[in-house]
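A quick write-up on the structure given underneath.
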Amino acid sequence: MKTFSLLSLARPLGGLTVAVLLAACAGTPRQPTVSYDFGLPPAPAAAASSAAKPLRIGETGGPEWLDSPALHYRLLYAQQQQAQPYAANRWVMSPVRLFDERLRTMAANRGQVAAFGEVAQPLLKVDIVEFSQVFDSPAASRAVVQVRASLYQARGLLAQRTFRHEQAAATADAPGGVAALAQASDVLIAQILDWAAAQPAQ
């Protein structure tokens, strides 16, 4: 694909036009970048649940396009196959790592974390499939988070299930998307931990 620079596009218009365009670009203030995390984690339970099953927590995985701090959105009314990043809004780290930290925190709050060396305990592995803010129209958006949870024991795969949650965003912008994605993640993590605790040991 042939590309054109600002100078090549402006050259036919004369040197004065080039100078005006460059001055305009130089004088445009850059919008400051705003970084987000998932906010405060849910409060720990007063006591660990009697139904809690100790789990080893594996490292959360995800697709390459989520392996950056970019905050992604999709325009369903325009091009839903394209996950686009906000220009001036981002996560403090990749959403995969943020989800991983939240999973470990919530599991610990429930008393569901076993030492990784305790190989007799099931291993929970979560892989993120989708994690983006979806715009159904310019004025309405929602968070869509979908993950695949796998539970392993010494003999191999014990159970596997796909979890998905959609959370309406209060506002159709980056702050609204961030809040909805964090809420959706907390809901999914709670569901995953409940599911893992309900699986019979092999």
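The values are calculated or read from the model by the stated rules, or taken from the named source; none is laboratory data. Computed from a predicted model, the values in this text were never measured in an experiment. With ideal geometry, Cβ positions are generated from the backbone for all residues, glycine too; neighbour counts draw on all protein chains shown. Heavy atoms of the whole protein, side chains included, go into the accessibility calculation; ligands, DNA and RNA do not. Shrake-Rupley method; radii C 1.70, N 1.55, O 1.52, S 1.80 Å.
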Notebook entry, point to check: Given a Förster distance of 45 angstrom, what is the FRET efficiency for residue 195 paired with residue 31, based on the Cβ-Cβ distance and rounded to 0.05?
Noted result: 0.60
Next item on the list: With both partners inside segment 62-202, how many of the DSSP beta bridges are antiparallel, as a percent to the nearest 5?
Entry: 90 percent
Item checked: Average accessible area per residue (Å²) across segment 101-159 - probe 1.4 Å, nucleic acids and ligands excluded -> 43 Å²
Notebook entry, point to check: Residue farthest toward the positive end of the dipole of segment 43-202, with Cβ of Lys/Arg at +1 and Asp/Glu at -1: which of 147, 179, 137?
Noted result: 147
Next item on the list: Just reorder 155, 74, 104 by solvent-accessible area, largest first, 1.4 Å probe, all chains present.
Entry: 155, 104, 74
